[in-house]
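Below: the structure, in structure tokens.
The values are calculated or read from the model by the stated rules, or taken from the named source; none is laboratory data. Note that the structure is a prediction, hence the values are computed from the model and not measured. Every residue, glycine among them, receives a Cβ derived from its backbone with ideal geometry; neighbour counts consider all protein chains shown. These area figures cover heavy atoms from the full protein model, side chains too; ligands, DNA and RNA do not enter into them. Shrake-Rupley method; radii C 1.70, N 1.55, O 1.52, S 1.80 Å.
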Amino acid sequence: MTRARRVLASTTWMKVVIDLVAVFLGFIVSLAVRFEFAIPEGNLRNFWVAVPGVMALFLLTNAAFKLYAGRWKYASFDELLNLSSAAVISTSLLFLAVALVPGARSYVPLSVAVMGGVLSLFVMAFVRLQFRLLGEMSLRRSRAEGRNALIVGAGEAGEMIARDMLRHPEYGYSPVGFVDDDPAKRKLIVQGFPVLGTSVDIPRLVRRHEVDEVIIAIPSLSGERLRAILPYCEESGAQVKILPGIFRAMAGEVGVAAVREIRLEDLLGREPVETDLASISAYITDKTVLVTGAGGSIGSELCRQLAGLGPRLLLLLDNDETALFDMEHELMRLRSHCPFHAVVADVRDFDRLLSVFRRYRPQVVFHSAALKHVPMMEYHPSEAVKNNVLGTRNLAEASIYFGVERFILISTDKAVHPVNVMGATKRVAEMLIKSYSGIIRTLFTAVRFGNVLGSRGSVVPTFMRQIGEGGPVLVTHPEITRYFMTVEEAAQLVIQAGAFTKGGDTFILDMGEPVRIIDLARELLRLMGREKEVEIKVTGLRPGEKLHEELSFPVEELMRTPHPKIDKVWHEKELRVDFVELLDRLIGAAARDDEDGVRELLAALVPTYEPAVPARPFMETVRVGEASAGPGGVAGGGPGGAARSGVAGAVGSGAGGAVRPGAGGAVRSGVAGAVGSGAAGAARSGAGGGGEAEPKPHLRAVEDQK
């Protein structure tokens, strides 16, 4: 019987025969009703002549609406709507023919034309719904014994999950019912299963119905509400899963396939981000877009989202070839229609950047490449400056020369009142791009936000690793807080902010309320079911850490933008008049690895930064090669320190100060190199040091290469 139904429902000619029979029955019954079941012989004879034409009319109209292309087992409301439209058109044409053609009423009376069309529609729809109903019932009877599931949420998402379980026995789920806190849904029947109670009843219902899994199917559920429901689920002892937010689910599979374990970001409950695709498309679509740090957490997510916005070419730039390789293959697996190209390059290498810009001519740049590990950068301040400051300057000046339209810098809340080297260097990077505004065509902007959940080196993966190793989970202070958002949300808002820039502005993302790190650790332990096994240990603040981060300076006023989660900074701090000179000296000190000089110059550029030399983590630190040389460079030094030079390196200086090519000083080597300074300060030109500082040294070098 089941096989016969399948054959009937999937074979086109059988569908046609069934519809022809339905039309015939509809009209013969209408004719019988018209004559009170005593049809005159003449009318009956004329009906046999006319009925083949009537059936052909309905058949052709149904075919025009493609009603025989689908399977009746999956007949939907859309198919029913198409069937109704086809029947209305067929009935209308038949009515007009009978009304206008002389003598036609003796074959098909007007009332029969209308009534026959209505009855035919009813019979055809009834047959289709019967196939759908029989198919659903067959699935329910034949589904394999699986895991009993209690669904939290009797709304559309919950109904979809239950229906999916019934249609796909291979998932191995057997729904037992729903719980919902909405009083209007109590004792409601959804997909044949009752609403058994509220979230408070979950432990009792799990025991009564031997539930194996509790599935939370409320995509709009806030983090606060989820945290309220979760204790009841955990008390029940059943496994807990969740259907992610609708915007995340839309990006992949929906239904039971989208159900997953609860993650930390679910507990934070960030609202889904809505973006203005029109404004984004205006500056992304059909443009060449470059993303630096493309192998990192933010950079890789930017690449994923930008790939769906239709750029002409997406450039993935990073000096980590392994991360870049993985990102390249991920985009291949996603089968993105966006052309992309991976570029292995270092933002500290100005010559290499010029080559990349000359070859690909990017029009939009997202600069996310940075050294971001706070305690690590406290011990290596020179590297932080080279990457976060020099790298930003190299990329900015290459962008200026090659006419980039927009330059978006990814900044951090640690740049506000920084107490560490990393934050100070990111603040200098913000100041650097501000210094270019108003004098060139490129629109420079910075987007400032807090921590990203799950990023490399961040607290969440660290905690998960510690929990996996059996603990303890190390928290630096019981009251320390941080702002958090998901990487997907951060990337979306960064792209959106890029559409709002007018040049020289800074945007701040709405991070919500700060979260205590110790609470985060407890939630992770609870999610992983290890709260009774793994202890939390307070270790004390690390070098460069502060208890609470800030998103803006007191002098910065926040203005609303068209997007509710993006604010624009107004009345930013003005740059000091000797900013360029101090910047050159900072880069020079980093080139010489003069750590004390780097900290002092960062403090001069960022007054709120107070340099502190952290205690070394080891008893003794050995420096290898106090003076060194790269290819083509000469090692050496004078009273002012060791000199390093190379193809793209920096030249240190002696007591008389460093000069650009001249008679009495060290020659600056390489386009991307930086000039160090000695006791007498930095000079960019002149014969013997002490000459006038020259702003934007790279731009002159670029002009030489034009």
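Computed across the stretch 152-253, the Kirkwood radius stands at 13.9 Å (inverse of mean 1/r, all Cα pairs).
On the basis of the beta-carbon distance and an R0 of 56 Å, Lys66 and Glu330 show a calculated FRET efficiency of 0.90.
Is there a quick way to get the dipole size of the stretch 466-576? I mean about its Cα centre, with the Cβ of Lys and Arg at +1 and of Asp and Glu at -1; what is the value in debye to the nearest 20? Mind dumping the intermediate values first?
Values: 15 positive and 20 negative charges, 24 e Å.
Here the stretch 466-576 has a charge dipole of around 120 debye.
Computed with a 1.4 Å probe on the full set of protein chains, the accessible area for Tyr401 sits at about 60 Å².
Which pairs in the list Lys502/Lys568; Lys502/Lys565; Lys287/Lys434; Lys386/Lys414; Lys434/Lys568 are over 21 Å apart, alpha-carbon to alpha-carbon? All intermediate terms of the calculation are to be shown ahead of the outcome.
Working: Lys502/Lys568 11 Å; Lys502/Lys565 18 Å; Lys287/Lys434 24 Å; Lys386/Lys414 18 Å; Lys434/Lys568 14 Å.
Violating the 21 Å limit, Cα to Cα: Lys287/Lys434.
Inverting the mean 1/r over all pairs of different Cα atoms, compute the Kirkwood radius of the stretch 275-389 and quote it in Å. Radius from the Kirkwood sum: 14.7 Å. What the stretch 351-424 shows is 24 Å² of accessible area per residue, with the surface traced by a 1.4 Å probe over protein heavy atoms.
Between Ile189 and Val118, the contour length at 0.36 nm per residue exceeds the Cα-Cα span by 22.4 nm.
Whole-Hz Karplus values for the stretch 573-578 come out as 5, 7, 6, 6, 5, 9 Hz, taken residue by residue from phi with 6.51 cos²θ - 1.76 cosθ + 1.60 and θ = phi - 60°; glycine and proline positions read x.
Could you state the accessible area per residue of the stretch 468-547 in Å², with a 1.4 Å probe and every protein chain left in place? Spell out each step's value before the answer.
On the way: 3380 Å² over 80 residues.
Here the per-residue accessible area is 42 Å².
Among 171-182, 295-306, 427-438, 557-568, sorting by the average number of other beta carbon atoms lying within 10 angstrom of each residue, highest first, gives 295-306, 427-438, 171-182, 557-568. Ligands, DNA and RNA aside, Ser411 has an accessible area near 10 Å² when probed at 1.4 Å.
Run the accessible area of the stretch 39-116 with a 1.4 Å probe and give the carbon-and-sulfur part as a rounded percent. Working shown, then result.
Numbers: 3000 of 4220 Å².
Solvent-exposed carbon and sulfur of the stretch 39-116 make up 71 percent of the total.
Per residue, the accessible area of the stretch 160-201 comes to 46 Å², computed with a 1.4 Å probe over protein heavy atoms only. Close amide H contacts of Glu545 (hydrogens built in the peptide plane, cut-off under 5 Å, sequence separation of 5 or more or a different chain): none are found. The distance separating the Cα centre of the stretch 507-581 from that of the stretch 375-407 comes to 22 Å.
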